[in-house]
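To start, the structure itself, in structure tokens.
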Amino acid sequence: MTYSTIAGTGGYLPERVMENKEFEKIVDTTDEWIRERSGIKRRHIAADGETTSDMAVAAARKAMEAAGVDTGDIDLIIVSTTTPDKVFPSTACIVQRQLEIRNIPAFDVHAACSGFIYSLDIADRFIRTGGAGCALLIGSETYSRILDWTDRSTCVLFGDGAGAVVLRAAEAPGVISTHIHADGQYEDLLQVPAGISSGYDQVRKARAYIHMKGHEVFRKAVAVLGEIARETLAANQIDEGDIDWLIPHQANLRIIAATAKRLGLPMERVVVTVDEHANTSSASIPLALDVAVRDGRVKRGELLLFEAFGAGFTWGSALVRY
Ligand code: UT7
């Protein structure tokens, strides 16, 4: 029996750090409001010309180094992003070229903030069925480019960055279970209402930004994340006492705390990066994992629960023995 396991992690954050205070000069907000309502203190913002693929490549190189593999070992690349460099080719193909890897499958996954969990689900299936032996999974996002910098209800919440993992075939799991869901009826609550077939050219100036009904998204996120955590524990016949670390999507500290409380997990066992990174969408889980691996909190053999929720709505979880 073949399983998949996380062999190494990497992360990349743009150099520019933007503090909450800076928003006080741009929109009608305060540092206190942003901290209290979201837990965010600062975020990183990509430099002019810095792209999703640039950040993805930087995170990928670190993950490969940590895993002790080189580009010749990689036989699958999946990039989760909702902020691709171009409509096509996929960001995964651009990353592949930059890494000088040839003739292996490379594609993007578009599942908004749940993208990394979707990628992990897909790559795990590739590896378990013999379709790949060493996969590079990257979540990379440049949300600063789809923010309306005059809309205080969204512009303070997001940041840029990339996280990556190398997933390898192994004799023991690794990835124990993945659970992915979607319900398209919530499209209007969280969207960038512009695209190619719906007339990007006419609308892009006015509407190619995040539109979010924050409070409704918040309520649904808390409900669904609680449910999926329970679903994951039940599917594996374990309880919350078996989980060493909850590594959730980092959208809002209050959502994270509510999920931990529903699970009965103390915050000491939750990895939180939303304060430093804000919401980096599909990059947030691999980035948080990388932070906690590199600072020594997450250790080999520990049991990790990942969970995410995002536009679509999409949501998902993964139980992983690191
Ligand atoms: O990653 C994808 C999923 N996304 C999320 O999970 C985000 C989910 N939503 C949230 O994180 C929260 O709903 C927010 C942080 C966006 C907002 O927190 P809230 O407690 O739900 O506040 P609210 O939307 O109910 O707004 C409360 C008030 C409103 O004023 P009124 O109508 O009560 O007078 C807003 O206009 O806060 C106002 N407000 C602000 N005030 C100062 C909204 N944004 C700001 C701001 N500064 N930046």
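The values are calculated or read from the model by the stated rules, or taken from the named source; none is laboratory data. Everything numeric here is computed off the predicted structure, so don't read it as measured data. No Cβ is skipped: glycine too gets one built from the backbone with ideal geometry, and neighbour counts run over all protein chains shown.
Some points to look at:
For (1) at pLDDT below 95; (2) within 11 Å of the ligand (Cβ to nearest atom); (3) on the phi > 0 side of the Ramachandran plot, each residue gets a yes or a no:
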| position | (1), (2), (3) |
| --- | --- |
| Leu253 | no, yes, no |
| Leu263 | yes, no, no |
| Met267 | no, no, no |
| Val270 | no, no, no |
| Pro286 | no, no, no |
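- Residue list for the range 2-28, restricted to those being more than 15 Å from Ser144 (Cβ to Cβ) and surrounded by fewer than 17 Cβ atoms within 10 Å (Cβ to Cβ): Thr2, Lys21, Glu24, Lys25, Asp28
- Candidates Thr52, Thr30, Thr82, Thr71 - the one that is within 19 Å of Ile138 (Cβ to Cβ) and within 16 Å of the ligand (Cβ to nearest atom): Thr82
- For the range 279-289, the condition of being outside the structural domain of Gly39 (by TED's automatic domain parsing) and not in a helix (DSSP H, G or I) holds for at least one residue.
- Residue among Thr232, Thr178, Thr150, Thr154 that alone is out of contact with any Lys or Arg (no Cβ under 7 Å at 6 or more places or on another chain) and surrounded by fewer than 14 Cβ atoms within 10 Å (Cβ to Cβ): Thr150
- Restricting attention to the range 69-98, the residues being of a type in the set (D, E, K, R) and surrounded by 15 or more Cβ atoms within 10 Å (Cβ to Cβ) number 3.
- The helices (runs of 4 or more DSSP H) falling completely within the range 1-82 that include 1 or more residues that are within 19 Å of the chain's Cα centre (by Cα) and of a type outside the set (Gly, Ala, Ser) map to 52-67.
- For the range 153-166, filtered to residues that are among the aliphatic types (A, V, I, L, M) and under 16 Å from the mean Cα position of the chain (by Cα), the residue that is farthest from the ligand (Cβ to nearest atom) is Val166.
- Only one of the numbered conditions (1) closer than 19 Å to Val175 by Cα; (2) out of contact with any Gly (no Cβ under 6 Å at 6 or more places or on another chain) is violated by Thr142, and that is (1).
- Any hit, the range 215-223, residues being surrounded by 16 or more Cβ atoms within 10 Å (Cβ to Cβ), more than 16 Å from the ligand (Cβ to nearest atom) and assigned by TED's automatic domain parsing to the domain that holds Glu302: no
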